[in-house]
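J.: What follows is a single structure, and I will ask about it in a moment.
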Amino acid sequence: MTSDTVSAFAAALRVPQGPVDLTALATHTTPAFDGGKAEGRSALEALGPELADLQEQLFANGRTGGACRLLLVLQGMDTSGKGGTLRATVGLVDPQGVRITSFKAPTEEERAHDFLWRVDRALPVPGEIGVFDRSHYEDVLIGRVRRLAPAAEIERRYAAINDWEEMLAAGGVTIVKCMLHISRDEQKQRLLERLDRPDKHWKFNPGDIDEREVWPDYRRAYEIAIERTNTDHAPWHVIPADRKWYRNLAVAELLLGALQGMGLTWPEADFDVESERTRLLTEG
């Protein structure tokens with residue numbers, strides 16, 4: 001995959017700074033890609049070797065003193081496909097170099113600290129790809145919609161997130177933030193599928209229907225969060241997610257672009273290669 005192709009996806013999906021209107025962003029289109037499902041799946045598969053090679057270089061650099069690491073933030077309404085995206089994209093690389101965290105309701109210990117405390121503890125170490133399947137943004141999304149914190153505290157959190165992400169970027173973390181954007185109708189179909197199929201019942205949560213009742217509130221919460229935290233060091237990308245195959249391809253392209261942008265190379269040997277070769281070849 002060429003860098004021009006990768007940059008085309010990034011340019012098409014990156015949210016411009018300024019006011020955000022999610023109703024103006026289609027959920028079923030395929031920006032930067034002209035093919036259909038079969039071509040999309042083939043394109044995703046073709047990304048695998050380069051993704052795996054770059055991830056191994058990242059891992060090797062982390063083991064030899066490098067500071068680079070990558071953080072993928074996945075946010076989206078229920079059924080938007082965060083888990084499916086992980087399987088299809090992060091599943092292309094070596095799992096030993098990946099750290100996945102899914103943030104649920106905070107524990108008593110976590111509530112005793114600032115909201116970023118538990119998130120900071122889940123960051124990838126140098127050389128790793130970290131994935132947040134839901135993230136610190138829950139604290140300004142569900143926190144805002146369900147009034148889990150005072151309005152003034154929610155407002156404080158936007159600035160806190162920006163400061164924290166800027167600190168991470170300065171310390172060698174490349175941040176890729178993706179909002180998986182599905183329509184309300186598509187969510188309904190996916191929830192119905194979970195009810196219609198016994199093998200999907202375990203994925204159904206009756207609370208998802210309750211959350212649908214405040215869909216406009218969540219949409220507005222996302223718009224505000226994206227607008228307030230869409231920075232140069234940690235920009236937002238909105239991924240049309242009604243078509244699962246395109247969603248997966250788009251996130252994989254953004255990951256590839258982020259890894260390419262790190263300028264990775266294989267670490268140089270800290271020993272005399274030829275001497276070690278001679279020792280090995282002349283051993284008794």
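The values are calculated or read from the model by the stated rules, or taken from the named source; none is laboratory data. Bear in mind the structure is a predicted one, so any value in this text is a computation, not a measurement. We place every Cβ from the backbone using ideal geometry, glycine too, and count neighbours over all the protein chains shown. Keep in mind that these areas ignore ligands, DNA and RNA; they rest on the heavy atoms of the full protein, side chains included. Shrake-Rupley method; radii C 1.70, N 1.55, O 1.52, S 1.80 Å.
J.: Nearest 5 percent is fine: what portion of the DSSP beta bridges confined to the chain is antiparallel?
T.: That works out to approximately 5 percent antiparallel.
J.: In debye to the nearest 20, how big a dipole does the range 1-104 give about its Cα centre with +1 on each Lys and Arg Cβ and -1 on each Asp and Glu Cβ?
T.: Magnitude of the dipole: close to 460 debye.
J.: Report the normalised scattering of the range 1-157 as log10 I(q)/I(0) at q = 0.18 Å⁻¹, calculated by the Debye formula with identical scatterers on the alpha carbons.
T.: Values, matching the q order: -1.34.
J.: Along the charge dipole of the chain, Cβ charges K/R +1 and D/E -1, which of Ile209, Ala169, Ala122 sits furthest on the positive end?
T.: Comparing the listed Cα positions along the dipole, Ile209 ranks first.
J.: Next question. Would you please name the trypsin sites (Lys or Arg not before Pro) within the range 119-185 that are DSSP coil residues with at most 14 other C-beta atoms within 10 Å of their C-beta?
T.: Arg121, Arg146, Arg147
J.: Quickly estimate the mean residue ellipticity at 222 nm for the chain, helices only: each DSSP H run with n ≥ 4 gives -39500 (n - 2.57), and the total goes over all residues, rounded to 500.
T.: -15000 deg cm²/dmol
J.: Right, another one. Taking just the alpha-carbon atoms of the range 107-149, what radius of gyration and Dmax come out, in angstrom?
T.: Taking only Cα atoms of the range 107-149, I get Rg and Dmax of 12.0, 38 Å.
J.: Another one. Helix 215-228 versus the longest principal axis of the chain: what is the Cα-based angle in degrees, 0 to 90, to the nearest 10?
T.: With both axes taken from Cα atoms, the answer is about 50 degrees.
J.: In debye, nearest 20: dipole of the chain around its Cα centre with unit charges on the Cβ of K, R (+) and D, E (-)?
T.: 1000 debye
J.: Which trypsin sites (Lys or Arg not before Pro) from the range 23-111 combine a DSSP loop assignment with at most 11 other Cβ atoms within 10 Å?
T.: Taking the range 23-111 and a limit of 11 other Cβ atoms within 10 Å, the loop trypsin sites (Lys or Arg not before Pro) found are Lys104.
J.: Taking the alpha carbon gyration tensor of the range 122-195, what are the square roots of 5 times its eigenvalues, largest first, to the nearest whole Å?
T.: 28, 21, 10
J.: Within the chain, which is the longest segment that contains none of the GluC sites (Glu not before Pro) sitting in a DSSP loop with at most 12 other Cβ atoms within 10 Å?
T.: 1-212
J.: According to the Kirkwood expression over distinct Cα-Cα pairs, how big is the hydrodynamic radius of the range 84-169, in Å?
T.: 14.3 Å
J.: Please list, or write none, the lysines whose alpha carbon is within less than 26 Å of the alpha carbon of Lys200, excluding same-chain residues fewer than 8 places away.
T.: Filter leaves Lys37, Lys82, Lys104, Lys188, Lys244.
J.: Assuming a viscosity of 1.306 mPa s and a temperature of 10 °C, what translational diffusion coefficient in µm² per second does Stokes-Einstein assign to the range 195-284, Rh being the Kirkwood radius over Cα pairs?
T.: 83 µm²/s
J.: Rounded to whole Å and ordered largest first, report the semi-axes of the equivalent ellipsoid of the range 189-244 derived from its Cα gyration tensor (root of 5λ).
T.: Largest first, the range 189-244 gives 29, 15, 9 Å.
J.: Regarding the range 135-284, what's the average projected area of the Cα-atom convex hull, expressed in nm²?
T.: Orientation-averaged projected area of the Cα hull: 15.5 nm².
J.: Put one equal scatterer on each alpha carbon of the chain, apply the Debye formula with no solvent term, and list log10 I(q)/I(0) at q = 0.08, 0.10 1/Å to two decimals.
T.: -0.37, -0.56
J.: In the chain, carbon and sulfur make up what percent of the accessible area (probe 1.4 Å)?
T.: Accessible surface attributable to carbon and sulfur in the chain totals 51 percent.
J.: What net charge do the residues around His113 carry, taking every other residue with its C-beta under 10 Å from that of His113, with Lys and Arg at +1 and Asp and Glu at -1?
T.: Taking every other residue near His113 into account, the sum is -1.
J.: Continuing with this model, one more query. Return a whole-number percent for the relative contact order of the chain, with Cα pairs under 8 Å and 6 or more residues apart as the contact set.
T.: 34 percent
J.: Ok, one more. Give me the 1.4 Å probe accessible area per residue for the range 89-200, excluding ligands and nucleic acids, in Å².
T.: 49 Å²
J.: Sort out for me the Cα centre separation of the range 203-217 from the range 114-132, rounded to whole Å.
T.: 28 Å
J.: If you look at just the Cα atoms of the range 226-272, how large are its Rg and its Dmax in Å?
T.: According to the Cα coordinates of the range 226-272, Rg and Dmax are 16.3, 54 Å.
J.: Any idea of Cys68's accessible area? Nearest 10 Å², probe 1.4 Å.
T.: 50 Å²
J.: Give the span of the range 8-47's Cα atoms along each principal axis, as three whole-Å numbers ordered largest to smallest.
T.: The principal-axis extents, from largest down, are 36, 17, 13 Å.
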